[in-house]
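Heads up, the thing below is written out as structure tokens.
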Amino acid sequence: MEKTKLKLLASILQLEREQKFNDRSVIGGVTKFISSQDPDITTYFSEKFGPSSVSLLKFDYSNATTPKRKIWIEQIHKHMVTMSHVAGTHSMVVKPRADKNLKHSIQTKPSLFGPITDIKGIDVKTSDKLSKLGISNAWDIFYNSPRFHLDYSHLAAISEIASNHPTTITGIVASSKTLRLGAGGKLLAGEIVVQDHSGSVRCLWYGNRFISKTLKPNTSVTISGTPTYNQNRLTFLTPEYEIGNGDRNIHTGRLLPIYRLTAGLTAKRLRTFTWNIIQQFEKLMPTQHLPTNFYSQNSLFPLPKAVAQFHFPDSLDNWEEAKKSLGFEELLSLQLALKTKTSISKPQMTSNPITVPNHFLNSFCELLPFALTESQRTSIQEILEDLQNSLHPMNRLLQGDVGSGKTVVVTAAILATMQNGFQAALMVPTEILAEQHFSTLQSLIKTDISINEMKGITSVFSPLLNRFVTIGLLTGSTTAANKKIIYAEADSGKLDLLIGTHALINQDLKFSKLNLVVTDEQHR
């Protein structure tokens, strides 16, 4: 019994190391855990090390500083290592790591959504840097989009390279040295000369004094960059390089992905992580959600190929296809999520269906000073069908670019709601937009006949409904007196439509027959 508890304690303390001594490795904290195990652990410590060792277990870990927690864990660990040798049970103690930044000592099989520190080569420090880019697992790496690609796919002989043209060359390091430049030789730079069958070219890395030790003479090397003239010599300044001239280079001879970076994380290192993770997890990615022929008929890549070609495309055409394929995957996921949300909400809510005459849409269109597009007519028809559904309330996203005509679609839905004796509300993010909508909807609804009852409330005659409709405007700037009137009009049902900002979300505002609410996308 005591040995089992000690093994558990050892595992908890090891987890504390990995989590930077944050006292979250066990519910309630380490101090509470040890107290809950008394008197067994205390007795065992006393028997093996004498009564003086028991004082270690009385340490208030939860209220101690991080440095003190670290020292205490090391002291406890030493006692437990000794204890395991005495008892002949070496498996009792979780062996500490040689480097606290290496990943878990108990290896776990990496997964798409597991901690990124489970992946070989990514330690805690690197994980902290990646988290600043929003990357916490392999899946995040897949969707960490390159900002752009540099085209280093053109492989040329050294004699063929030209200034200011992105180029890749392969050759042998002819010479390698470290230069001292600037006043007093304080600026160090690494210089190598690469040669092939056609000639030689200089490569220079300012501030890099180690490159000459990495790229030694007679080393095969691939160089990618944009050569320019430096001191009257054609020179690659800080180019990408890889030792060897293999066909599967990551950093040279290809369309090179350029990512957002953060302090302490180099472009080359992040690119290498991305390449390795895609290679490692490619087989774990879901291949397809739809029949195989759907992908081929629509020139779409399965997800694993789309991710690989999006980051490291073999050609510009492949990158375009990969981008389109990932866009499709995103749209499909969004539609499935919306469909799921709708199906879940159906049994829980009821609606007040409206009746829409068959001639409504044509009558509405005849009163407009412009013709509706086919997309606008389709959107209006689908919305009206939803409003007539008695099974569940409408929950719909109307999407369109600025100026695409979303407001006229909304106006049709509002008029259909008013025609059935119900009220509508339209909420937008700013007062300026609220005032613009207040004016625009009046012009879409009315003839020239209107009655301005007060600032913020107007009644306009709607030929479609053959009656006056009352429209209100409520914002943060609305005076207290006017708010009181608007609240009363909404509560009595006299107000047909209320347009406003977040001021619409108010406990004092009550509608008697509210049946349609439209919110701007920023108010989702």
(Q) Here are the criteria: (1) at pLDDT below 90; (2) in the same structural domain as Ile158 (by TED's automatic domain parsing); (3) of a type in the set (Phe, Trp, Tyr). Tell me which single one Tyr295 does not satisfy. (A) (2)
Q: Just one of (1) at pLDDT below 80; (2) in a helix (DSSP H, G or I) trips up Gln14, so point out which.
A: (1)
**Q.** Residues satisfying the stated conditions in segment 263-279, i.e. surrounded by 14 or more Cβ atoms within 10 Å (Cβ to Cβ) and either more than 18 Å from Ser315 (Cβ to Cβ) or of a type in the set (Val, Ile, Thr) (or both)
**A.** Leu265, Ala267, Arg269, Leu270, Arg271, Thr272, Phe273, Thr274, Asn276, Ile277, Ile278
(Q) Are there helices (runs of 4 or more DSSP H) fully within segment 358-456 with at least 3 residues that are within 25 Å of Lys494 (Cα to Cα) and of a type outside the set (A, V, I, L, M)? List them. (A) 360-366, 406-419, 431-445
Q. Inside segment 282-302, can you point out the residues that are buried (at least 20 other Cβ atoms within 10 Å of the Cβ) and either under 19 Å from the mean Cα position of the chain (by Cα) or outside any helix (DSSP H, G or I) (or both)?
A. Leu300, Phe301
Q: Count, please, the residues in segment 460-497 that happen to be loosely packed, with under 13 Cβ neighbours inside 10 Å and either assigned to a helix (DSSP H, G or I) or not polar (S, T, N, Q) (or both).
A: 7
Q: Would you mind telling me which numbered condition in (1) in the same structural domain as Leu187 (by TED's automatic domain parsing); (2) within 21 Å of Glu191 (Cα to Cα) Lys268 fails?
A: (1)
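Each row is one residue, and each column tells you yes or no for (1) touching a helix residue (DSSP H, G or I) at 6+ places or on another chain (Cβ under 8 Å); (2) of a type in the set (D, E, K, R); (3) under 20 Å from Pro463 (Cα atoms); (4) assigned by TED's automatic domain parsing to the domain that holds Ile414.
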{"residue": "Pro369", "(1), (2), (3), (4)": "no, no, yes, yes"}
{"residue": "Leu372", "(1), (2), (3), (4)": "yes, no, yes, yes"}
{"residue": "Gln376", "(1), (2), (3), (4)": "yes, no, no, yes"}
{"residue": "Leu384", "(1), (2), (3), (4)": "yes, no, yes, yes"}
{"residue": "Leu391", "(1), (2), (3), (4)": "yes, no, no, yes"}
{"residue": "Leu397", "(1), (2), (3), (4)": "yes, no, no, yes"}
Q.
I need every pair where a residue in segment 151-168 that is under 16 Å from Thr235 (Cβ atoms) has its Cβ under 7 Å from the Cβ of a residue that is acidic (Asp, Glu) and part of a strand (DSSP E or B), sequence separation at least 6 or different chains.
A. Ile158/Asp196; Pro166/Asp151
Q. Just one of Leu256, Leu265, Leu234 is of a type in the set (A, V, I, L, M, F, W, C) and in a loop (DSSP other than H, G, I, E, B); which is it?
A. Leu265
Q) Take the residues of segment 291-313 that are among the hydrophobic types (A, V, I, L, M, F, W, C), touching a helix residue (DSSP H, G or I) at 6+ places or on another chain (Cβ under 8 Å) and without any contact (Cβ under 8 Å) to a residue 40 or more places away in the chain: which is nearest to Ile141 (Cα to Cα)? A) Ala308
Q. Of the residues Leu204, Leu179, which single one is touching a strand residue (DSSP E or B) at 6+ places or on another chain (Cβ under 7 Å), in a strand (DSSP E or B), surrounded by fewer than 19 Cβ atoms within 10 Å (Cβ to Cβ) and outside the structural domain of Lys323 (by TED's automatic domain parsing)?
A. Leu179
Q.
Step by step: first the residues of segment 330-357, then only those that are part of a loop (DSSP other than H, G, I, E, B) and farther than 19 Å from Val518 by Cβ, then the one that is modelled with the lowest pLDDT. Which residue is that?
A. Thr350
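Here's the yes/no breakdown for (1) part of a loop (DSSP other than H, G, I, E, B); (2) at pLDDT 80 or above; (3) buried (at least 16 other Cβ atoms within 10 Å of the Cβ):
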position	(1), (2), (3)
Thr4	no, no, no
Phe21	yes, yes, yes
Arg24	yes, no, no
Ile41	no, no, yes
Ser46	no, no, no
Phe59	yes, no, yes
Trp72	no, yes, yes
Ile76	no, no, yes
Val94	yes, no, yes
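The values are calculated or read from the model by the stated rules, or taken from the named source; none is laboratory data. Everything numeric in this text was worked out from a predicted model, so none of it was measured. Ideal geometry is used to build each Cβ from the backbone, glycine not excepted, and the neighbour counts take in all protein chains shown.
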